[in-house]
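Where a number appears in this text, it was derived from the coordinates with a stated rule and is not lab data. Keep in mind the model is a prediction, meaning the values are calculated, not measured. Please note: Cβ atoms are built from the backbone with ideal geometry, for glycine as well, and neighbour counts cover all protein chains shown.
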Amino acid sequence: MTSIFKYNRRREINQSIQNSAKYSLCSGKDELISIYHILQKTYRIKAKLPLPPVEFFLELFKLEIFKAFAVFHEEKTIGGSFCLILPGKSLYTYYYCGLRDYHKRIFPTHLAVLAALEYAVENKIPIIDFMGAGKPGIDYGVRDYKMEFGGDLVEEGRFLKVLSPILYKVGEIGLRVKKALT
């Protein structure tokens, strides 16, 4: 399956596995919370975007349409991904994360994505949606990262319908202020 990945992505995944990193379906609440803490730190420090509380993920974990994947190294959780699934139809990678600079030859985020992709292939799910590729014509590093896993970019951006322009503008300003303050 990794043959469709860009060379560097494939090499980094192979290095991670050779250095004893592993991934699997999340086995319980404690693993899910460990993954969430990594994601929370990423969102607070790097992305500077709001994130639902851990209770949101714990409630989703009870549903058949939600899967969490954990990445481990030497019994330590180092990354993971949270996905929604329409069985037999599609898998949506809502969130994925990994400890930054954990090990020079282990790439937890890559394995978190790979775990979700392998699950889709093993369960004959034909569509994998990475959920967001940014706005067309504007550089977006996340889009570049996602494209290194192969596949086709079907649609950039999202449909936007603003029902209350004033509230929308207030929300945009609020997010910018929050991002600047954190």
Exercise. What is the fewest-to-most order of His37, His103, His110 by other Cβ atoms lying within 10 Å of their Cβ?
Worked result: His37, His103, His110
Exercise. Extension gain Met131-Glu172, at 0.36 nm per residue separation less the Cα-Cα distance, in nm?
Worked result: 12.7 nm
Problem set entry | Charge dipole magnitude, Cβ of K and R +1, D and E -1 - segment 2-181, Cα centre, debye nearest 20 | 580
For this session: Counting only C-alpha contacts under 8 Å and six or more residues apart, can you give the relative contact order of segment 2-181 as a whole percent?
Result: 22
Problem set entry | Candidate lysines for bridging to Lys62, where Cα separation is under 16 Å - those fewer than 8 sequence places away on the same chain excluded | Lys29
Exercise. Between the DSSP loop rule and a limit of at most 16 other Cβ atoms within 10 Å, which trypsin sites (Lys or Arg not before Pro) in segment 50-92 are left?
Worked result: Lys62, Lys89
For this session: Could you list the residues of segment 20-51 with an amide nitrogen less than 13 Å from a label point located 7 Å from the Cα of Asn123 in the Cα-to-C-beta direction?
Result: 25-26
For this session: Please tell me which of these pairs span more than 18 angstrom C-alpha to C-alpha: Lys6/Lys89; Lys48/Lys76; Lys67/Lys124?
Result: Lys6/Lys89; Lys48/Lys76
Problem set entry | Two-site label geometry, Gln18 and Leu58: point separation in nm, points 7 Å out along Cα→Cβ | 4.1
For this session: For Ile138 and Ile33, calculate 0.36 nm times their separation in residues minus their Cα-Cα distance, and state this gained length in nm to one decimal.
Result: 34.4 nm
